[in-house]
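The values are calculated or read from the model by the stated rules, or taken from the named source; none is laboratory data. Just so you know, these numbers come straight off a predicted model, no measurement behind them. A quick note on method: Cβ atoms are made from the backbone with ideal geometry, for glycine too, and the neighbour counts reach across all protein chains shown. Ligands, DNA and RNA are excluded from the accessible area calculation, which covers all protein heavy atoms including side chains. Shrake-Rupley method; radii C 1.70, N 1.55, O 1.52, S 1.80 Å.
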Amino acid sequence: MDSQNSPPTFTENPAPRQTYRLTLRIEGAPGPLEVVSSAAQYDVVNPECLPPPKDNPGGQTSAVPTHDIPLRLQRVSDNEYAGVVHVDGMVDADYHGRGVCRWKLIQAQVQLQAPGAEGGTRFVAKLNGDEVSQGAAKAIHYWKARYPSEPGADSYRDYGQPDLQKVPADQREEFFDIVLTAGEA
């Protein structure tokens, strides 16, 4: 098969070894939340392994490949979920005949929503790949008024406030937290 005409099939790692337990805890939300989407995102980090686009003979590389692997998070309690994420979730290989393409975990992302709130606010929490491999814990703060939905906005995505100290002290009670923690499994 001509690699210039058809994209290669990238390979997920069948036996990952760099495994981390991901825990998500909801604190002080104005109502129940459930996971509606969760994935680990991987990108190729050395673009020199990619072929030039066939419509660009000037030598520019192709768009950097990205691949999502769904995270399977289990409900542990009303306010906690847990699952695993693999830093080495993709196979580094010579997919284009131009050298080994190296994959890197870019982020582990979870989206939560009020049960039955179709089109409601999606509260998005993520750990960057480096935060996962460092075993980080991170709290993201969300405005309670956006639960279960942002008025006038369908499927609004709320990425939260990473630093509650930037919110005036008298308004901090108006926020709830989603805490993501990574630890070696």
Exercise for review: Among 64, 116, 141, flag the residue with its Cα farthest along the positive direction of the charge dipole of the chain, charges on Cβ as +1 for Lys/Arg and -1 for Asp/Glu.
Suggested key: 64
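In the chain, carbon and sulfur make up what percent of the accessible area (probe 1.4 Å)?
C and S fraction of accessible area: 47 percent.
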Point to revise | Most mobile listed residue (24, 71, 164) in the chain, GNM with C-alpha springs under 10 Å | key: 164
Practice item. Taking only Cα atoms and a 10 Å spring cutoff, compute GNM fluctuations for the chain and point out the largest among 144, 104, 54. Key: 54
Exercise for review: Please give the length that would be gained between residue 66 and residue 174 if that part of the chain were fully extended, namely 0.36 nm times their separation in residues minus their C-alpha to C-alpha distance (nm, one decimal).
Suggested key: 35.2 nm
Exercise for review: Using only the alpha carbon atoms of region 66-185, find the Kirkwood hydrodynamic radius as the inverse mean reciprocal pair distance, in angstroms to one decimal.
Suggested key: 16.5
Review point. Around residue 37, which amide H atoms from residues at least 5 apart in sequence, or from another chain, sit under 5 Å from its own amide H, with H modelled in the peptide plane?
Key: 111
Review point. For region 32-173, what is the relative contact order in percent, using Cα pairs closer than 8 Å and at least 6 residues apart in sequence?
Key: 23
**Study point:** Among 185, 76, 9 - extreme Cα towards positive end, dipole of the chain, charges at beta-carbon
**Key:** 185
Check your understanding: Using heavy-atom solvent-accessible surface (probe 1.4 Å) with all chains present, what is the largest-first order of 88, 78?
Key -> 78, 88
Point to revise | Lysine pair number, Cα distance threshold 29 Å (strictly under), the chain, separation 8 or more or different chains | key: 8
Point to revise | Distance histogram in 10 Å bins (all Cα pairs of region 1-151, percent per bin) | key: 10, 33, 26, 19, 11, 1
Practice item. Please give the calculated 222 nm ellipticity per residue for the chain, where each DSSP H segment of at least 4 residues contributes -39500 (n - 2.57) and the sum is spread over every residue; nearest 500 deg cm²/dmol? Key: -500 deg cm²/dmol
